[in-house]
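The values are calculated or read from the model by the stated rules, or taken from the named source; none is laboratory data. Computed from a prediction, not measured in an experiment: that's the story for all the values here. Note that we place each Cβ from the backbone using ideal geometry, even for glycine, and neighbour counts take in every protein chain shown.
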Amino acid sequence: MLDELLVAMRKHDRVDMAYKSGVSIHTINRLMSGADSNPTIKTVEALRKYCDEQERVK
């Protein structure tokens with residue numbers, strides 16, 4: 001599940017993702033670098049929602 005989210009996250013700008021999802025850029029950077037492999041459910045839900053919304057816009 002996290003791997004699929006990371007693939008989706010790589011398609012988007014990190015700063016925009018942080019701003020629109022409410023997840024800090026620090027947390028996003030740690031997730032994408034592999035430094036954090038156990039995010040909270042709240043973080044995963046916010047990032048998944050952001051990615052899903054961006055896919056609908058395209």
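Do we have Ile41 as out of contact with any helix residue (DSSP H, G or I) (no Cβ under 9 Å at 6 or more places or on another chain), modelled with pLDDT of 95 or more and aliphatic (A, V, I, L, M) here? Lay out the reasoning, then the answer.
Numbers: out of contact with any helix residue (DSSP H, G or I) (no Cβ under 9 Å at 6 or more places or on another chain): yes; modelled with pLDDT of 95 or more: yes; aliphatic (A, V, I, L, M): yes.
Yes: the conditions hold for Ile41.
Count, please, the residues in the stretch 28-37 that happen to be within 13 Å of Leu5 (Cβ to Cβ) and either within 11 Å of the chain's Cα centre (by Cα) or at pLDDT 95 or above (or both).
3
Name the residues in the stretch 34-51 that are exposed (fewer than 11 other Cβ atoms within 10 Å of the Cβ) and in a helix (DSSP H, G or I), would you?
Once the filter is applied, which keeps residues that are exposed (fewer than 11 other Cβ atoms within 10 Å of the Cβ) and in a helix (DSSP H, G or I), the stretch 34-51 yields Ile41, Lys42.
Of everything in the stretch 4-33, what is free of Cβ contacts under 8 Å to residues at least 12 places away in the same chain and in a loop (DSSP other than H, G, I, E, B)? Give them in sequence order.
Restricting attention to the stretch 4-33, the residues satisfying the condition of being free of Cβ contacts under 8 Å to residues at least 12 places away in the same chain are 4, 7, 13, 15-16, 18-19, 24-26, 30, 33.
If the condition is that a residue be free of Cβ contacts under 8 Å to residues at least 12 places away in the same chain and in a loop (DSSP other than H, G, I, E, B), then Asp13, Ser24 are the ones that fit.
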